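Worksheet: one structure, shown below.
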Amino acid sequence: MTNLTVEQSGRPAELLLVEDNYGDVLLTQEAFRSAKIRNNLTIAVDGEEAMAVLRKQGRHVDQPTPDLILLDLNLPRMDGREVLKAIKGDAALHAIPIIVLTSSSAETDILRSYELMASGYIVKPVTFDRLKDVVGLIESFWFTVVVLPSVATVEQANAS
């Protein structure tokens, strides 16, 4: 299917959350559960695991290609800036939109993320209700308004 939003395609949205803080993972999972759009949320706890998921390596060989990546900046082993640079520098992955979702409101982090081609930058909300609002806005915009490349197209590029 071409020129359809994720919602119009009738399939669940595939999301990759790259987050090492277990509490933030649980809150984000709960916020996505409360959203109206069907979604599959995959969790990577550090940058190296995120790249393994995206490159379908090891135990992630059958992992679907995400429609959208939510990326924390402060990660162990491979930080979010390195992940962002690796994804945007990989011809098979660079079309996947990446939203930086982090606690940092530092101007240098914001600027650097956009220089590395982040699609957006969101400072993590302080309250759960605000996080639910943000998740709803992310899903509404990225999955009901924006037309993304199909997962099949991205996976075909990955196989090349």
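Among the listed pairs K85/K132; K56/K132; K85/K124; K56/K85, which are separated by more than 25 Å between their Cα atoms? In this structure, K85/K132; K56/K132 exceed 25 Å between Cα atoms. At R0 = 25 Å, how high is the FRET efficiency between T5 and T127 if r is their beta carbon distance? Nearest 0.05 is fine. The pair T5/T127 has a calculated efficiency of 0.30.
Working note: Debye formula, equal point scatterers on the alpha-carbon atoms of region 50-110, no solvent; log10 I(q)/I(0) at q = 0.12, 0.24, 0.30 Å⁻¹ is -0.30, -1.09, -1.40.
A crude spin-label estimate for the pair R33 and S119, with each label 7 Å from Cα along the Cβ direction, gives 2.5 nm. For region 123-142 versus region 21-74, the inter-centroid distance based on Cα atoms is 16 Å.
Measuring nothing but how far apart in sequence close Cα pairs (under 8 Å, 6+ apart) lie, relative to its length, the chain scores a relative contact order of 28 percent.
The Rg/Rh ratio for the chain is 0.93, where Rg is the radius of gyration of the alpha carbons and Rh is the Kirkwood radius.
Any read-out appearing in this document is the output of simple, stated calculations on the displayed coordinates, not a laboratory observation. What you see is a predicted model, and the numbers here were worked out from it, not measured in a lab. Cβ sites come from the backbone with ideal geometry, for glycine too, and all protein chains shown count toward neighbours.
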